[in-house]
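Down below is the structure, laid out as structure tokens.
What follows is calculated from the coordinates using simple rules that are stated; it is not laboratory data. Computed from a predicted structure; not experimentally measured. As a convention, Cβ positions derive from the backbone with ideal geometry for all residues, glycine included, and neighbour counts pool all protein chains shown.
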């Protein structure tokens, strides 16, 4: 039938056209660029209009808190990840993307924590400069014992070691000063004051953990975030209830492995993240008869939580850890 | 004169059962054929197999010098589909228009003419769901005419249509007959079939009889088609039997 | 008035919003046009299944670190042909076949994705769209493929009309029923792939069905239905994006809710077909 053949001819023509069009617009798979942002020393001063403040975007709210301490009210600060937001499952809202577009400076934790930041910045457009505040600190390899890692080769949870945050303060001070030389003195003042607070905090933590006997200095957590804490303050990070991805379902094998580890190491308590569902940790703890303590790890707490700033967060967490482990 | 339509030994099976078994009939140009039989006899199947909508396992269908146009049962149509009367008739022209082409003036002319022939030209812009049963039937006849088909297969055109609409349709069929269009009509109405047709095909899975209506419609043949008891039920058959009794020996022949 | 203008222009300062709006506009119109056939032929369930069925393809592309678009395309075409084939075999009801394929694909997709750590962000994007993350490349792909689909619909308009309205006539006219039906399925699959980034898998069926359904209530001819549907689709997607920008609500969801609002309005107030009209007619009596 003539008409029938023509029908198939049309289909084929369509198909070929399709192939040609798509081949012409072929895309390369996006490369995962591992850039580390700019160095504060390389930043050029920004021209601000009358009444205009330096627009700074911080990725996590912990970085944001420290940025606020140094920048004071001379900066226009926006924090991308709100209270309780898990960096692994964060999706920027239109307002967030708009803020990235309009920003002068983006402060990121770095060390692989913000996996999609490159993409987000590229998508948002604009002319912001990015500074990774953890860059240059003595970084630990990732995982703390786990085979696979969502973050890359290094462990990004540096803020559990106070000297790391002091390092942050240095870099932020330098960045703000470079971009706004007129206010450099102001930033310097704030930075100095905060550094002193940090040193006091560090000392306080050392005192507190002294109460925990050697044998109990084991941290079994729902996410291996305490690598830096362990190194700085003399603890051992054991296993994780969850595999490294806190939004995934742990397999039966993961749960069994953890129960074995707990039995083997004989710990008084396990610790879970506030940003992650604790149901599974509770179940494991019920089976083994030990205490579950929930801590603030990736995000500050909301108003009235007792962890509204970085300092408060550390005091809260250390207090809880020491209380749980010092007994027995 | 060779027949315009020649069906030889047509057999159709689906789902494991035989719907049509070895049906053969010849139709000459301009003849009016009624296809009659009980529900499930295969009347629709016969027409559908003839246009190639369903495959046949055995036998052949040949047309000479013209094409088949099929007018579907009204129940099979989606009346809420967004098409107007004009659109429906224009669909009949699709075969003539060719791929990647639009309506040409000739197509519009033909559609207009066919609508006039069935008396529906005033309704060209109505959505088909707005029409009455008889009007809908006429639109589909117009579509078959627009196809320029010389043989029309009409599947139960009189079901669900009131008396005056039926009259209108019969008038149109009579016009078409004058123009020499060959028609095959399936119907439940035995009376009507006998009155109207030149040839009557009595069907129940197989072709029980085919020929001049009054020769075909005998009590024995009807019993074979409809089953013994059914014969005596309903007003449909009472009249026919009455006619046969009265006119059995050399009665009138119509058409 | 000037304030309204400001509201309209503000998001346009941002290139990501401009790209998002362009993509949304294209997707809104394309889905409505193709969705016309989906609505008229009762293919809503099939459309939903097709949208979910591409998940394994996307998952594999994700693992391979290729552009997700290709995975979606391959899987979409495969599924469209598969569903078409099963439907024509007639051994089981098409409804059942679709249900089985739907669930299996979704499960397969999630299973593949779960092999990768940290998949939740991308899964969210796949399920609910990521219209604010549309890149220039994505925009070109959308436009190119969208154009192909649109051209096919236009060129095959009368054939698809006949096949959809009256398959019997199609057979009589010797149109290639099978070929055309496969073509339609492929066009739907391509539309889904193109629209994936804007609305995501979970809400895709809404983009195919709701604007077209709204248009159905307001029109009497097929191409009018496509036109009105495209209008509703375009306005809904653009408005949804604006809403998302100002209120910070998820864009895919905003779009669908606005579409649905239009549908409800049409359902109630459409001349002759709307609920309000038929109710009033009932009260007045049987006069016409």
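What the table shows:
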read-out: For residues of A:91-100, the mean tally of beta carbons on other chains within 10 Å; value: 6
read-out: Relative frequency of Cα-Cα separations exceeding 45 Å in the protein assembly as shown, percent; value: 48 percent
read-out: Efficiency of FRET between residue C:45 and residue A:282 - r from beta-carbon atoms, R0 25 angstrom, step 0.05; value: 0.05
read-out: Euclidean distance of C-alpha centroids, region C:183-234 and region B:1-56, integer Å; value: 41 Å
read-out: Rounded, prolate or oblate (a/c below 1.5 giving rounded, otherwise prolate when a/b exceeds b/c) for region B:68-198 by Cα gyration tensor; value: prolate
read-out: Computed [θ] at 222 nm, helices only, for chain B once each DSSP H run of length n ≥ 4 contributes -39500 (n - 2.57); value: -11000 deg cm²/dmol
read-out: Viscosity 0.692 mPa s, temperature 37 °C, Stokes-Einstein D of region C:1-127 from Kirkwood C-alpha radius, µm²/s; value: 194 µm²/s
read-out: Relative intensity, log₁₀ I(q)/I(0), of region B:43-98 from a Debye sum that treats every alpha carbon as a point, q = 0.21, 0.27 Å⁻¹; value: -1.03, -1.21
read-out: Whole-number D in µm² s⁻¹ for chain C, Kirkwood Cα-pair radius fed into Stokes-Einstein, 37 °C, 0.692 mPa s; value: 165 µm²/s
read-out: Rounded to 5, percent antiparallel among DSSP beta bridges of region A:40-203; value: 10 percent
read-out: Mean projection area, nm², convex hull over Cα of region B:63-138; value: 6.1 nm²
read-out: Tensor-based shape of region C:169-213 (alpha-carbon gyration tensor, a/c under 1.5 rounded, otherwise prolate or oblate); value: prolate
read-out: Reciprocal of mean inverse Cα separation for region A:40-203 (Kirkwood radius, Å); value: 16.3 Å
read-out: Relative exposure of B:174, C:24, judged by other C-beta atoms within 10 Å (fewest first); value: B:174, C:24
read-out: Globularity ratio of region B:103-155, using Cα Rg and 2.2 N^0.38 Å; value: 1.11
read-out: When chain B is reduced to its Cα atoms, the Kirkwood hydrodynamic radius in Å; value: 19.1 Å
read-out: Dimensionless Rg over Rh [region C:84-212; C-alpha; Kirkwood]; value: 1.03
read-out: Residue B:168-residue C:107 FRET efficiency (beta carbon distance; Förster radius 51 Å; 0.05 resolution); value: 0.30
read-out: For region B:91-142 and region A:38-108, distance of Cα centres in Å; value: 67 Å
read-out: Residue with peak Gaussian network fluctuation, chain C [Cα springs, cutoff 10 Å], from C:65, C:94, C:159; value: C:65
read-out: Nearest 10 degrees, 0 to 90: helix B:163-178 Cα axis against chain B principal axis; value: 80 degrees
read-out: Shielding by other protein chains, C:156-166, mean Cβ within 10 Å; value: 6
read-out: Inter-chain shielding of C:217-226 (mean C-beta neighbours from other protein chains, 10 Å cut-off); value: 3
read-out: The protein assembly as shown: antiparallel DSSP beta bridges as a percent of all, rounded to 5; value: 35 percent
